Amino acid sequence: MPATSLSEYLIEKQKKLAHLNDGLVSVLVDLAEACKKTAHAVNQGALTHSLESLDSINVQGEKQQALDVISNDIFLAFADQNKHVAGLVSEELPDVYFPHHLQSDADQFPAQRYLLAFDPLDGSSNVSLNISVGSIFSVLPCPDAVQQPQAQAFLQAGKHQVCAGYAMYGFSTMLVITLGDGVDCFTLDETTDEFVLTSPEMKIPQDANEFAINMSHQRFWEPAMQRYVGECLQGVEGVRKKDFNMRWVASMVAEVHRILVRGGVFMYPTDSKIKKQGGKLRLLYEANPMSFIVEQAGGASSTAYERILDIIPDHIHQRVGVVLGAKHEVELVNAYHNR
Ligand code: P6P
């Protein structure tokens, strides 16, 4: 059975999905190319002296890595030449970015236009440790027929996404996408430079034996989260009557990929230390795309209080608490928090 390339996959999907028009296909193909270029930049990091941190601080108040800027520039370059990208929000930029093609075609632009939100290199502080990192992207419909959609156009609930995905730069480069019709995983064949379908229709088991959380925040958690994690730690002698394993990679892409491959639950809850910012993870380009993927794989995703994909953002860099993965685990966390 010959392997299915990303292009062949998209052609087949177009027959089935009315919203998958040529404009969205071109955005997806370009996003895949940007991920390939980013994978190469990450892989060559040590050789091109781009593993170091910069003196600059990004809009998140985080120290920028050289590869944050390099990967961000790669994604901007693709957007600048794709007329179907009407505007974008990046973790690395303070405001909405308008692709350069808008300046040349002031009076005409294609009907099929999209808004892009992405984290060009999530978990980048792990790159110098050679731990897997990734790029996360979310594609929203562009509601306005205006030439330059303003920030307000991006403040759509995540359930309106038409596509979401991530690339994971690990032992191999993988691309995981959803178009609202399940979740499919591609692996980059280095010999042909093609993404090839390797894990179609990924599914998350409804129950879990593995949880992921940064335990160093434990003293700041709400009582309900203390209770949930405490019961996991009690293992088979406790009320859950089973043992749990724990993981924490500090790279959301790696955590979500593990959950897609073997199940589990990932939590970055708001807590007394980060409550003022609303949480650690960003809604538009981390929580929303990952929640779309997880729900499409049969899992669930909430803030512990509400479904993430229902949240209407207040601003483009809004942060939220995140609990995602095995449906029954997320439901239990929600139940403990909503007593
Ligand atoms: P901490 C990476 O910076 C990130 O945004 C996610 O990829 C990851 O899950 C989380 O933050 C790690 O946070 O506080 O454990 O370093």
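Rule-based calculations on the coordinates, nothing more; no lab input. These numbers come from a predicted model, not from an experiment. Please note: Cβ atoms are built from the backbone with ideal geometry, for glycine as well, and neighbour counts cover all protein chains shown.
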Seminar exercise, completed: For the pair residue 242 and residue 59, the simple spin-label estimate (label points 7 Å beyond Cα toward Cβ) gives in nm 4.1 nm
Exercise. Which length gain, in nm to one decimal place, applies between residue 261 and residue 338 when the Cα-Cα distance is subtracted from 0.36 nm times their residue separation?
Worked result: 24.8 nm
Exercise. Ranking 252, 246, 215 by Cβ neighbours within 10 Å, fewest first, what do you get?
Worked result: 215, 246, 252
Problem set entry | Cα-centred dipole magnitude for the range 210-337, charges only on beta-carbon of K, R (+1) and D, E (-1), debye, nearest 20 | 280 debye
Seminar exercise, completed: Exposure proxy check on 84, 337, 328: fewest-to-most Cβ neighbours within 10 Å is 328, 337, 84
Seminar exercise, completed: The ³J(HN,Hα) series, computed from each phi in the range 307-317 with the Karplus coefficients 6.51, -1.76 and 1.60 at θ = phi - 60°, rounded to the nearest Hz and given as x for glycine or proline, is 5, 4, 5, 8, 6, 8, x, 7, 8, 5, 10
Exercise. What relative contact order, as a whole-number percentage, does the range 210-339 give when Cα pairs under 8 Å and 6 or more residues apart are counted?
Worked result: 28 percent
For this session: Quick one: order 217, 49 by neighbouring beta-carbon count within 10 Å, fewest to most.
Result: 49, 217
Exercise. Residue 273: which aspartates and glutamates have alpha carbons under 19 Å from its alpha carbon, excluding same-chain residues fewer than 8 sequence positions away?
Worked result: 62, 222
Problem set entry | Whole-number Å³ per residue for the convex hull built on Cα positions in the range 6-199 | 125 Å³
Problem set entry | Virtual spin-label span in nm between residue 193 and residue 47, 7 Å along Cα→Cβ | 1.5 nm
Seminar exercise, completed: A chain fully extended from residue 310 to residue 215 at 0.36 nm per residue, minus the present Cα-Cα distance, gains in nm 31.4 nm
For this session: Find how much the distance from residue 172 to residue 111 grows on full extension, using 0.36 nm per residue of separation minus their present alpha carbon separation; answer in nm with one decimal.
Result: 18.3 nm
Exercise. Residue by residue, what Karplus-based ³J(HN,Hα) values in Hz, rounded to whole numbers, does the range 15-25 have, using 6.51, -1.76 and 1.60 with θ = phi - 60° and x for Gly and Pro?
Worked result: 5, 9, 10, 4, 7, 7, 8, 4, x, 5, 4
Exercise. How compact and how long is the range 210-337, expressed as Rg and Dmax of its alpha-carbon atoms in Å?
Worked result: 13.7, 45
Problem set entry | Reachable lysines from residue 242, criterion Cα separation under 26 angstrom, eight or more residues apart if same chain | 203, 327
